[in-house]
1. Looking only at the stretch 146-160, decide whether some residue is in a helix (DSSP H, G or I), farther than 30 Å from Gly487 by Cα, touching a residue at least 24 places away in the same chain (Cβ under 8 Å) and hydroxyl-bearing (Ser, Thr, Tyr).
2. Quick one: count up the residues across the stretch 462-480 that are surrounded by fewer than 24 Cβ atoms within 10 Å (Cβ to Cβ) and not in a helix (DSSP H, G or I).
3. How many residues does the stretch 108-130 hold that are within 16 Å of the chain's Cα centre (by Cα) and surrounded by fewer than 21 Cβ atoms within 10 Å (Cβ to Cβ)?
4. I need every pair where a residue in the stretch 249-270 that is within 15 Å of Tyr480 (Cα to Cα) and part of a helix (DSSP H, G or I) has its Cβ under 8 Å from the Cβ of a residue that is modelled with pLDDT of 95 or more and small (Gly, Ala, Ser), sequence separation at least 6 or different chains.
5. Out of the residues in the stretch 194-211 that are within 14 Å of Ile164 (Cα to Cα) and without any contact (Cβ under 8 Å) to a residue 24 or more places away in the chain, which is surrounded by the most Cβ atoms within 10 Å (Cβ to Cβ)?
6. Kindly evaluate Ala133 against the criterion of being in contact (Cβ under 8 Å) with a residue 60 or more places away in the chain, surrounded by fewer than 21 Cβ atoms within 10 Å (Cβ to Cβ) and outside the structural domain of Ser197 (by TED's automatic domain parsing).
7. For Arg76, which of the numbered conditions (1) in a loop (DSSP other than H, G, I, E, B); (2) of a type outside the set (A, V, I, L, M, F, W, C); (3) in contact with a helix residue (DSSP H, G or I) (Cβ under 6 Å, 6 or more places away or on another chain) fails to hold?
8. Suppose we filter Arg364, Arg398 for residues that are at pLDDT 95 or above and farther than 11 Å from Pro132 by Cα; which single one remains?
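The values are calculated or read from the model by the stated rules, or taken from the named source; none is laboratory data. Note that the coordinates shown come from a computational prediction; the quantities given were computed from them, not determined experimentally. Heads up, the Cβs are rebuilt from the backbone with ideal geometry, glycines too, and the neighbour counts pull from every protein chain shown.
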Amino acid sequence: MPSSFACRMPICLTAAIVLAAGCGPIEDLRSTDYADLVALFDDWRAFEEPGPVEGIPDYSRRAMADQYRELATYQRRLSAIDTTGWPVAQQVDYRLVRAEMNGLDFDHRVRRPWARNPAFYTMIFPARSDVPAHEGPVIHGWIDLWAYEYPLTPDATAELGARIRTIPPLLEQAKGNLIEDARDLWMMGIRSMDRQSADLSALATRVAGSSAELERDIQGAREATDEFRTWLEREAPSKSRPSGVGIENYTWYLNNVHLVPYTWEEEVTIMRRELARAHAVLRLEEHRNRDLPPLRRIASAEEYDRGFNAAVTEYMAFLKDREIVSIRDYMDPALRAKIGRFSPADGLRGFFSEVSYRDPVTMRTHSHHWIELARMEFEPHPSPIRRVPSLYNIFDARSEGLATGMEEMMMHAGLFDSNPRARELIYILLAQRAARALGGLMMHANEWTMEEAVQFASEWTPRGWLPEDGNTVWGEQHLYLQQPGYGTSYIMGKIEIEKLLAERARQLGDEFTLKGFMDEFSAAGVIPVSLIRWELTGQADEIDRMAAAR
């Protein structure tokens, strides 16, 4: 939104807002001080969270209209900061703040999750995500059950109970907020509430006998969730419109929020190419390995524990011995803590388990996620703007792109030389990600329904490991519909990292080392690769081109 919008705000705004907006000459707000950017960032983050009303965030129509109007004051303050002469790292921080403000602007103009996405009102999250923040739009006031230690202390019991008591009034507020027609999002919201009800039931079992008051709070939240689900189902027949943001909006979001230098059309072309490449190379790998025995699934808890722990040991030794990255003490424990437990099953366990139960090393490469999260904790970025996860999933292509990139890059670096059949798994992973990404792209273009996207992803995932009636494929497509750009971020981020690696190697010549590149890449933080490219190479052409296209 142009900064001049601030001077078109109604005269009846409060004096505080008028002073903050500075509707006088913009020179009154001019600054060349990086400290002013940091101060603005702190103010912005406080503003972005809707103020509570009776203990719950206010996403009512009036509150959201007020927030959108006031957003212009923050955009105006940002535009008044002159970054001329700043070090590139500080200019990168400026672009990050602008991208976040663009994200809220887009939410008000287009995505509007509080008004069209019932799943936005999900509050309960039992497990930690492997990216810096939650995947997709998440309501303020969410409850991370994984962040509590069990059994709960009395203080934790009281805190958790107080937070769970916000669920019933929030869901009641949601009934008045959800006024827009987006059928696929509405129908998936029903599934989300089913999941929240089940998660609350599991929590009740986990804390049974510890606090009668907490148990009553959980029961009340579950009853409210079930009643809200019934309301969603009752209203569902009135919902008929598509849920995507549209092609033009999708490209704007890529360029101005996630800072990914591609258009919707270009991403479609790339995903189609990657899908075809993955299937073709898989067949070549299978042909090469045709005389080797097939990979056998792990069949017992003992075999699981032994195999997964050995996989972490092998992967960490590979990173060290092949001089891939500088090794830190926190890396091995971060990976080992996330190996999980054996799950018996007669049929399919889920797509990613079908991969890792055949070769645990394969998914340890993608679990590089946990190394990155540990790095954020033990080696926090010096910039306060990069020290915290970016809003609106701006981190997705960097975070998912590196994890996905490590799969194929480590394969080419020799990780699977002694186990050729594991190379097949890498291309199965790539095919699945390309297929589901195309589903997300087509849903946002409003050319496919959720059902069509699910069917396509299932059909184009090799070996039948992504069944159409499974939770994985539905959950993934729901995420990608809620969060533009996320479905393609795995492959687009990987491609951007490979491109940067090639550019940096050409720039440094004989001084280039893979370890040096990986270290400087990680040190830049979990931010868009286009910004990391600017910081590492000094080339701002991608960033400038996206800014010029606004």
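1. Taking every residue of the stretch 146-160 in turn, at least one turns out to be in a helix (DSSP H, G or I), farther than 30 Å from Gly487 by Cα, touching a residue at least 24 places away in the same chain (Cβ under 8 Å) and hydroxyl-bearing (Ser, Thr, Tyr).
2. The qualifying residues number 5.
3. Counting residues in the stretch 108-130 that are within 16 Å of the chain's Cα centre (by Cα) and surrounded by fewer than 21 Cβ atoms within 10 Å (Cβ to Cβ) gives 5.
4. Between residues of the stretch 249-270 that are within 15 Å of Tyr480 (Cα to Cα) and part of a helix (DSSP H, G or I) and residues that are modelled with pLDDT of 95 or more and small (Gly, Ala, Ser), the close pairs are Tyr250/Gly244; Tyr250/Ala445; Tyr250/Gly485; Tyr253/Gly485; Leu254/Gly485; Trp264/Ala445; Glu267/Ala437.
5. Ala204
6. Values: in contact (Cβ under 8 Å) with a residue 60 or more places away in the chain: yes; surrounded by fewer than 21 Cβ atoms within 10 Å (Cβ to Cβ): yes; outside the structural domain of Ser197 (by TED's automatic domain parsing): no.
When the stated conditions are applied, Ala133 does not pass them.
7. With (1) in a loop (DSSP other than H, G, I, E, B); (2) of a type outside the set (A, V, I, L, M, F, W, C); (3) in contact with a helix residue (DSSP H, G or I) (Cβ under 6 Å, 6 or more places away or on another chain) applied to Arg76, the lone miss is (1).
8. Just one listed residue meets the conditions, Arg364.
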